[in-house]
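Report on one structure; see the data block that follows.
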Amino acid sequence: MFLSVFEMFKVGIGPSSSHTMGPMVAAGRFLDMMRASPFHFSGVRASLHGSLAFTGVGHATDRATILGLAGFLPDTYDVEAAERALEGIHASKTVSPEGLGDLAFDPKTDLIFDYDHPLPGHANGMILMATDAQGDVTLRQVFYSIGGGFVMTEEELAAGKDTDEGAPVPYPFKSAAEMLEMARSSGKSVAAMKRANEIARGGSENLAKGTARLWEVMNDCIDRGLSTDGVLPGGLKVKRRAKGIHDALQAERGMNLTAPHTINDWMSVYAMAVNEENAAGGQVVTAPTNGAAGVVPAVLRYYLDHVPGASRAHVEDFLLTAAAIGGLVKYNASISGAEAGCQAEVGSAAAMAAAGLCAVLGGTPEQVENAAEIALEHHLGMTCDPVAGLVQVPCIERNGLGAIKAVSAASLSMRGDGTHLVPLDACIETMRQTGVDMSEKYKETSLGGLAVNVPNC
């Protein structure tokens, strides 16, 4: 099993990796299928199912699908160009992706939110169709957005989710137990093993440049969030709070009577800054999802800015260790809120961040595994119940608390020798089982929890 650090962490746009980035990626893949087809097409259609239908508007799934069919992709997304394109599409009722000419597409009639017919493969399902001059469907493909921006066709999902058919890697661990055994036998850290795997696939230069860019985008996102105020889009009129909190924290610096627990506010504000940017549709890094994008950057920024002896040279080790843990969670359970609730998003992110911090603080592989387990264990059962289907309440604050839990988990693990009762593998399996048992109301449908007990306006 191998999931690259660049699969666990992807540069994209808000507000959702599964509901915004995933549909845009799926549309891009469908355009490639159309380009490879011998048929001539005159139009396109799309239908959204399950969670993509129920919370699609709040998560900008409609916009993402329309723009994806027009040729936009998350990693090269241009906000101004997208706005111009949307205006033109609504006016002309056509999309014009490169190499396919003008295709009939009326967003009001050709993009369907189907609340009544969930697709069998995953809660986040969509069907994309291409039509001929008579309006008959001549190409059809079912896609599933399985979390974190990952997209699979129904055939790929049926053939075996998360299969890895690439070249062999030196440390192909698919469980935490295997990871620890390989670390013991090789004498390498989790980061060192992960680095060797990445180099075997992509080379050392790509790894260094890629991880440096990931942190640059993460850090820039924090800085934008800390310097921007106003009201978030979507209708709830949620005020941005990160700038105000950060300004107050800056003003308090140097005061002799600052309470020790104020450090929690620093961790929270870094995470909230990211998730406010995400809610506004800004550029973020999925970590491992957009809804949980603030936790890992917040903990890494906390390490660099607040921990004595911290070094930017350790950023790569942090990200590699975090990605190794995220890969285990994704492979053996889920990182999708629509599949397993927020335990799969913020819980996974906290486990990843805790492991990364433990690693750069000098933790052993056993302590790293323990840190991840502590963080994930104390998110078990967490539901995904966004108010009005927006990635705002409770999502923004939840990332702040996830960062605090991650730091606490890393600190606790460093106080021991890595020996503990509940293995990370057992915790991951428990999370998977809990997700299976969880009511659909609490899995990113906005049909239960806070979403029905808080006024939407």
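The values are calculated or read from the model by the stated rules, or taken from the named source; none is laboratory data. Remember, predicted model here, so these are calculated numbers, not experimental data. Using ideal geometry, Cβ is built from the backbone for each residue, glycine included, and neighbour counts are taken over all protein chains shown. Protein only, heavy atoms only, side chains kept; ligands, DNA and RNA dropped before computing areas. Shrake-Rupley method; radii C 1.70, N 1.55, O 1.52, S 1.80 Å.
Quickly run through the stretch 272-289 and pick out the residues that are in contact with an Asp or Glu (Cβ under 9 Å, 6 or more places away or on another chain) and open to solvent by less than 20 Å² (accessible area, probe 1.4 Å).
Met272, Ala273, Asn275, Gly282, Val284, Pro288, Thr289
Of the residues that sit in the stretch 397-438 and are in a loop (DSSP other than H, G, I, E, B) and of a type in the set (D, E, K, R), which one is most open to solvent (accessible area, probe 1.4 Å)?
Once the filter is applied, the top-ranked residue is Arg415.
Restricting attention to the stretch 157-168, does a residue exist that is at pLDDT 95 or above and either touching a helix residue (DSSP H, G or I) at 6+ places or on another chain (Cβ under 9 Å) or open to solvent by 50 Å² or more (accessible area, probe 1.4 Å) (or both)?
There is no residue in the stretch 157-168 that is at pLDDT 95 or above and either touching a helix residue (DSSP H, G or I) at 6+ places or on another chain (Cβ under 9 Å) or open to solvent by 50 Å² or more (accessible area, probe 1.4 Å) (or both).
Of all residues in the stretch 94-128, how many are closer than 16 Å to Glu155 by Cβ, touching a helix residue (DSSP H, G or I) at 6+ places or on another chain (Cβ under 9 Å) and surrounded by 15 or more Cβ atoms within 10 Å (Cβ to Cβ)?
6
Is it the case that some residue within the stretch 246-257 is within 15 Å of the chain's Cα centre (by Cα) and open to solvent by 10 Å² or more (accessible area, probe 1.4 Å)?
no
If you take the residues of the stretch 35-59 that are surrounded by 24 or more Cβ atoms within 10 Å (Cβ to Cβ) and touching a strand residue (DSSP E or B) at 6+ places or on another chain (Cβ under 6 Å), which of them is nearest to Ser446 (Cα to Cα)?
Residue satisfying both the conditions and the ranking: Ser51.
When residues of the stretch 308-344 are filtered for being touching a residue at least 60 places away in the same chain (Cβ under 8 Å) and not in a helix (DSSP H, G or I), how many remain?
Number satisfying all stated conditions: 5.
Is it fair to say Asn264 is out of contact with any strand residue (DSSP E or B) (no Cβ under 7 Å at 6 or more places or on another chain), open to solvent by 40 Å² or more (accessible area, probe 1.4 Å), polar (S, T, N, Q) and within 26 Å of Ile335 (Cα to Cα)?
Yes.
If Ala133 meets every condition in (1) assigned to a helix (DSSP H, G or I); (2) loosely packed, with under 12 Cβ neighbours inside 10 Å apart from one, which number is that one?
(1)
Looking at the stretch 7-34, I want the residues that are open to solvent by 10 Å² or more (accessible area, probe 1.4 Å) and have a partner that is among the acidic types (Asp, Glu) with Cβ atoms under 7 Å, at least 6 apart or on another chain. Which pairs are those?
Val11/Asp75
Would you point out which residue out of Ala200, Ala191, Ala212, Ala177 is among the small types (Gly, Ala, Ser), within 30 Å of Gly281 (Cα to Cα) and in a helix (DSSP H, G or I)?
Testing whether each residue is among the small types (Gly, Ala, Ser), within 30 Å of Gly281 (Cα to Cα) and in a helix (DSSP H, G or I) leaves just Ala212.
As an exercise: evaluate Met182 against (1) open to solvent by 20 Å² or more (accessible area, probe 1.4 Å); (2) in contact with a Gly (Cβ under 7 Å, 6 or more places away or on another chain); (3) within 22 Å of Ser348 (Cβ to Cβ); (4) modelled with pLDDT of 95 or more and give the number of the one condition it does not meet.
Only one criterion in (1) open to solvent by 20 Å² or more (accessible area, probe 1.4 Å); (2) in contact with a Gly (Cβ under 7 Å, 6 or more places away or on another chain); (3) within 22 Å of Ser348 (Cβ to Cβ); (4) modelled with pLDDT of 95 or more is unmet by Met182, namely (2).
Give me the pairs, please: first residue somewhere in the stretch 363-385 and open to solvent by 20 Å² or more (accessible area, probe 1.4 Å), second residue anywhere and of a type in the set (Val, Ile, Thr), beta-carbon distance under 7 Å, and either six or more positions apart or on two chains.
Pro365/Val190; Glu377/Val422; Leu380/Thr430; Leu380/Thr434; Gly381/Thr434; Met382/Val346
Could you go through the stretch 290-307 and let me know if any residue there is of a type in the set (A, V, I, L, M), open to solvent by 10 Å² or more (accessible area, probe 1.4 Å) and either part of a helix (DSSP H, G or I) or touching a strand residue (DSSP E or B) at 6+ places or on another chain (Cβ under 7 Å) (or both).
yes
State all residues of the stretch 96-112 that are without any contact (Cβ under 8 Å) to a residue 12 or more places away in the chain and closer than 17 Å to Phe39 by Cα; if no residue qualifies, say none.
Residues satisfying the conditions are Gly101, Asp102.
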